[in-house]
Structures are given as structure tokens and as C-alpha cells.
Amino acid sequence: MMEVVRKISGSIHNKMRITKEVVRSGGEGYGYRIFRDDRIFIVQDFTPAISGNVEMTERQAELLSDLVMKRLEEKPDDLPTVTKEEVEEIIGKG
């Protein structure tokens, strides 16, 4: 069972409500959930764009989910993507 660590209200963009939760994943790490209009849209239990199941710290999950939300706000009709370089930069901060 996932433990919700932090639920954060997002923004309303083009009448679409975007929110996120940072959650404790099954191991020692954290993940995040992105919701559109209160429906789950993205489940990310491990670090995106990195091969293997690399766990995130709480801070990394927070920063990566912020980036994903920003991408979703910029292009609400597309699936948000992040590059390996962006992820590596964030991992260095977290």
C-alpha cells in the first residue's frame, strides 16, 4: 500500500485541474502520482528516463513531479516527457 507523503494542489490550466502526490513507494524510495481533473494520469514509482528501477528520494520525487506538471501545463494534450539529462540534473539537486 502506498503511503501518501504529500498531496499538493496544482494549477488549473485550460479548465483542467492538475494535482500531484508524492508517495512512499514499496521500497525505501519515493514516487509520485499526477492527477488530471482528480483522475490518476501518471504513476511514477521509479526515476523516469533512467534504465532499471532506480528509487527516488523524497526531494527528487518532488522536483521531478514539478517538472512533469510544468510540461503538462505547457502541452496539456501531450504526454509529458523528461530527458535523461534533465533527470540527471535533478538527481544531482535531490
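The values are calculated or read from the model by the stated rules, or taken from the named source; none is laboratory data. Bear in mind that the values here come from a model prediction, so they are computed numbers and not experimental data. As a convention, Cβ positions derive from the backbone with ideal geometry for all residues, glycine included, and neighbour counts pool all protein chains shown.
Within the stretch 64-80, which residues are among the charged types (D, E, K, R) and in a helix (DSSP H, G or I)?
Asp66, Lys70, Arg71, Glu73, Glu74
Which residue is surrounded by the fewest Cβ atoms within 10 Å (Cβ to Cβ), if the candidates are limited to the stretch 42-54 and must be touching a residue at least 24 places away in the same chain (Cβ under 8 Å) and under 13 Å from the mean Cα position of the chain (by Cα)?
Checking each candidate, the answer is Ala49.
Need pairs with beta-carbon distance below 8 Å; first residue over 17 Å from Glu62 (Cα atoms) and within the stretch 14-36, second assigned to a strand (DSSP E or B) and hydroxyl-bearing (Ser, Thr, Tyr); sequence gap 6+ or separate chains.
Close Cβ pairs (under 8 Å, with a partner that is assigned to a strand (DSSP E or B) and hydroxyl-bearing (Ser, Thr, Tyr)) amount to Arg17/Ser11.
Looking at (1) at pLDDT below 95; (2) surrounded by 14 or more Cβ atoms within 10 Å (Cβ to Cβ); (3) among the basic types (Lys, Arg), can you tell me which one Arg33 breaks?
Here Arg33 meets the rest and fails (1).
Within the stretch 56-71, can one find any residue that is out of contact with any helix residue (DSSP H, G or I) (no Cβ under 6 Å at 6 or more places or on another chain) and farther than 20 Å from Ser25 by Cα?
yes
Quick check on my filter: what residues within the stretch 55-90 are over 16 Å from Val22 (Cα atoms), among the β-branched types (Val, Ile, Thr) and either surrounded by 11 or more Cβ atoms within 10 Å (Cβ to Cβ) or free of Cβ contacts under 8 Å to residues at least 12 places away in the same chain (or both)?
Thr81, Val82, Val87
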